[in-house]
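Everything on this sheet refers to the single structure shown next.
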Amino acid sequence: MEFFDIIEEIVDDDLLFILKYGLLISNFITIFILLYFKSKKQQNEKEEKKSVLLVTAHPDDEAMFFLPTITYLNDNNYEIHLICLSKGNANKMGKIREVELEKCSKYLKIKKLTIINDKDLQDSMSVMWPIEKIQKIVEEYIDENNIKGVITFDKKGISGHLNHIACYEAISSMKRAEGLKVFVLETTNILRKYSSILDFFVSCILNDNLMLNLNILKAWRSMKIHHSQFLWYRKLFVVFSRYAYINTLIKI
């Protein structure tokens, strides 16, 4: 009887050993498999990262009007490309503003910046830019950089600036590759424009494509980088404008 007790005890110990270390090994295998598939998923996400092109008219447009959109795109793993169609040379400060835009683009994690310096695309509140020239610039860039989406001003240009409106006229009527998505930044009435974050409730009701920036310091620092333009009324703009905190996009 003692012999069978000894055999049973040995068998039990072996079973406990197998169960103990078997579970441990299986846990390691499970963790390894989970980590493997997680890395594959991250790799696929990296490979499938989509490139979005932001088309603006002047240095500081990206910080003044499109900051919530840029914040959203960065947070959701998009690659942001920026074409600024002028150096903003209306006050003969084009070189300074160009450097400021380069610094701001780095701060906002914009992957690739292109600043256009063309005699027909100069900063002006009275001259309408040639639509065909803008289209050629943008269409070539889209083809060369595998762009999946384009964002620009709407037909009112937020501030009614002719250069902003020219961006819309060109982008809205250009030839589109299959699958290319185009969005424009919604212009609101003046009451909503200067209602700061309070416009959030109205925006939620009226538009599904809502982007937010809740960091006032980020809005302030972005505009401060454009030091040559950071005058008192633009400081007030950062505080009171909805565009520092809220963007609503319209698909066209």
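Inter-part distance, segment 232-252 to segment 113-188, computed on C-alpha centroids, equals 19 Å.
Evaluating 6.51 cos²θ - 1.76 cosθ + 1.60 at θ = phi - 60° for every residue in segment 138-143, the Karplus couplings come out as 5, 4, 5, 5, 4, 5 Hz, glycine and proline recorded as x. Taking Asp120, Asp154 and ordering them by how much accessible surface each has at a 1.4 Å probe, largest first, produces Asp120, Asp154. Computed over protein heavy atoms with a 1.4 angstrom probe, the accessible surface ordering of Phe240, Phe200, Phe230, largest first, is Phe240, Phe200, Phe230.
Ordered from largest to smallest accessible area (heavy atoms of protein chains, 1.4 Å probe), the residues Lys218, Lys156, Lys106 come out as Lys106, Lys156, Lys218.
Summarising the amide proton neighbourhood of Phe153: residues at separation of 5 or more, or on other chains, whose placed amide H is nearer than 5 Å comprise Tyr168, Leu185. Past 26 Å, Cα to Cα, is the threshold; run Lys106/Lys235; Lys92/Lys251; Lys133/Lys251; Lys87/Lys112; Lys119/Lys181; Lys133/Lys224 against it and keep the listed order. Checking Cα-Cα distances, Lys92/Lys251; Lys119/Lys181; Lys133/Lys224 exceed 26 Å.
Distances between placed amide hydrogens fall under 5 Å for Ser51 paired with Glu79, Lys148, all partners being 5 or more residues away or on another chain.
3J(HN,Hα) along segment 119-132: 4, 8, 10, 9, 4, 7, 8, 10, 10, 7, 6, x, 4, 4 Hz, from the Karplus curve 6.51 cos²θ - 1.76 cosθ + 1.60 with θ = phi - 60°, whole Hz, x for Gly and Pro. Arg97 sits with roughly 20 Å² accessible to a 1.4 Å probe, with DNA, RNA and ligands left out of the calculation.
The values are calculated or read from the model by the stated rules, or taken from the named source; none is laboratory data. This one's a predicted model, so the numbers in the text were calculated from it and none came from an experiment. Note: accessible area is taken over every heavy atom of the protein model, side chains too, but ligands, DNA and RNA are not part of it. Shrake-Rupley method; radii C 1.70, N 1.55, O 1.52, S 1.80 Å.
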